[in-house]
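Below you'll find the structure, written out as structure tokens, and then a few comments.
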Amino acid sequence: MAHACANVASVSATKHIAVIAGDGIGKEVIPQAVKVIEAAGAAVELTTFDWGADRYLADKVTVPPDGFTILARDFDAILVGAFGDPRVPSNIHAREILLGMRREMDLYANVRPVRLLDASLCPLKGIEPKDLDFVVIRENTEGVYGDLGGVFKQGTPDEVAIQEDINTRKGVERIIRYAFEYCASNQKLDGSPRRRVLMCDKSNAMTHAGGLWQRTFKEVAKDHPRIETQHMYVDALCMQMVRDPREFDVIVTNNMFGDIITDLAAGLQGGLGMAASGNLHPGKTSMFEPVHGSAPPIAGKNMANPFGAILTAAMMLAHLGTAGEAAKIEAAVLEAVREKKTTADIGGTLGTREAGEWVAQRVSRR
Ligand code: ATP
């Protein structure tokens with residue numbers, strides 16, 4: 001865990017990346033992503049951190065002193081695997097590292113692209129890759145995951161549990177603005193412009209928070225007259241996502257709804273093993289992680305699909321301005337899917353290491 005880098009990131013062409021594989025399958029898929037980054041020949045310097053359950057069990061340290069400060073100061077981006085280990089039932093290390101990183105570094109925009117690489121991966125009939133190309137922008141620092149609330153009369157028949165849902169004007173406005181700006185400045189894979197931002201909430205039942213989201217959405221939309229707007233309640237959106245996801249473009253929503261609908265969306269792209277994400281704060285060090293968790297039931301068996309982590313690495317490289325290397329990686333993953341050089345969850349026969357190695361070799365030939 002040597003990381004005495006000077007703060008050269010902003011003036012150096014070499015990008016400095018902190019790599020935290022974490023727990024479970026994170027320890028298997030991240031080495032594959034690293035191998036692929038190296039094969040792509042990007043001008044990056046990778047520094048490994050050992051944060052996770054093993055370290056916590058050894059010395060009770062979740063995040064070393066100044067850990068987040070060092071990440072924010074010395075690195076351009078952070079590549080994370082997953083956290084969660086049955087040996088730490090409280091999951092305190094996962095909370096302190098992952099939620100801590102999102103909050104302390106104020107990574108307020110969780111960007112989750114939903115793309116279908118091959119029709120065979122989608123459980124819906126008649127959906128082709130061109131039909132599934134949307135992005136979910138999830139608020140990452142507020143909502144019901146703020147751990148505010150409490151329990152009263154615990155263990156008695158009169159027990160009361162309160163979980164607060166935090167929605168600030170600042171937090172809601174900046175994520176909605178991010179979604180409009182993302183829509184204005186990003187294209188679909190086929191090169192066509194993105195056109196529409198859909199705000200997803202449950203404002204018919206959660207009127208106070210929903211009202212703030214509704215008002216803010218309408219106000220921010222006025223600054224982007226060329227972008228179409230749409231609104232759906234989260235329940236209706238879930239139904240639409242499995243009936244016909246073709247119309248979705250950019251979806252913005254709160255922390256919990258974003259968490260849930262992106263697992264549903266991952267199902268459309270081939271499962272949790274295929275989904276990538278970034279946790280961003282424009283202008284600051286951002287963190288990239290596959291959507292899946294540590295998946296204890298399959299950990300250590302060389303079974304986990306490394307493509308979500310590899311596509312996450314590509315997303316990180318694109319974010320860092322190395323779009324050529326990112327494109328090479330995405331093309332190689334696409335080739336692997338088409339040639340069934342994959343793990344079993346998406347129909348292949350390879351192990352985690354072998355699938356990663358296949359992609360790395362293809363990348364190095366491009
Ligand atoms: P978390 O709460 O940390 O998000 P989770 O319990 O919701 O985690 P995961 O740990 O992501 O979910 O995994 C749930 C299941 O999905 C796993 O047990 C596994 O069967 C499958 N899965 C997840 N990721 C992968 C992967 N990369 N490759 C293959 N299967 C996966």
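The values are calculated or read from the model by the stated rules, or taken from the named source; none is laboratory data. Nothing here was measured: the structure is a model prediction, and the numbers come from that model. Methodologically, a virtual Cβ is constructed for each residue, glycine included, from the backbone with ideal geometry; neighbour enumeration extends over all protein chains shown. Accessible surface is based on the protein model in full, side chains and every heavy atom, while ligands, DNA and RNA are left aside. Shrake-Rupley method; radii C 1.70, N 1.55, O 1.52, S 1.80 Å.
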Those residues of segment 302-325 which are of a type in the set (A, V, I, L, M, F, W, C) and more than 10 Å from the ligand (Cβ to nearest atom) amount to Ile310, Leu311, Ala313, Ala314, Met315, Met316, Leu317, Ala318, Leu320, Ala323
Legend entry - Hey, Glu142 away from the ligand (no atom under 16 Å from the Cβ) and open to solvent by 40 Å² or more (accessible area, probe 1.4 Å) or not: no
Within segment 87-109, residues open to solvent by less than 10 Å² (accessible area, probe 1.4 Å) and either assigned to a strand (DSSP E or B) or closer than 25 Å to Val252 by Cβ (or both) come out as Met101, Leu107, Ala109
Among residues of segment 41-68 being closer than 19 Å to Lys15 by Cβ and hydroxyl-bearing (Ser, Thr, Tyr), the residue nearest to the ligand (Cβ to nearest atom) is Thr48
Wholly inside segment 110-229, strands (runs of 3 or more DSSP E) that include 2 or more residues that are assigned by the TED database to the domain that holds Ile346 are none
Quick count over segment 328-359, residues being open to solvent by less than 10 Å² (accessible area, probe 1.4 Å) and assigned to a helix (DSSP H, G or I), is 9
Flagged in segment 76-95 as within 26 Å of Leu320 (Cα to Cα) and away from the ligand (no atom under 13 Å from the Cβ), in numbering order, are Asp76, Ala77, Ile78, Leu79
Leu272 meets each of (1) open to solvent by less than 50 Å² (accessible area, probe 1.4 Å); (2) within 11 Å of the ligand (Cβ to nearest atom); (3) within 15 Å of the chain's Cα centre (by Cα) with one exception, condition (1)
Among the residues of segment 240-255, the number that are in contact with a helix residue (DSSP H, G or I) (Cβ under 9 Å, 6 or more places away or on another chain), farther than 27 Å from Ile166 by Cβ and assigned to a helix (DSSP H, G or I) is 5
Inside segment 278-301, the number of residues satisfying the requirement of being open to solvent by less than 50 Å² (accessible area, probe 1.4 Å) and within 11 Å of the ligand (Cβ to nearest atom) is 8
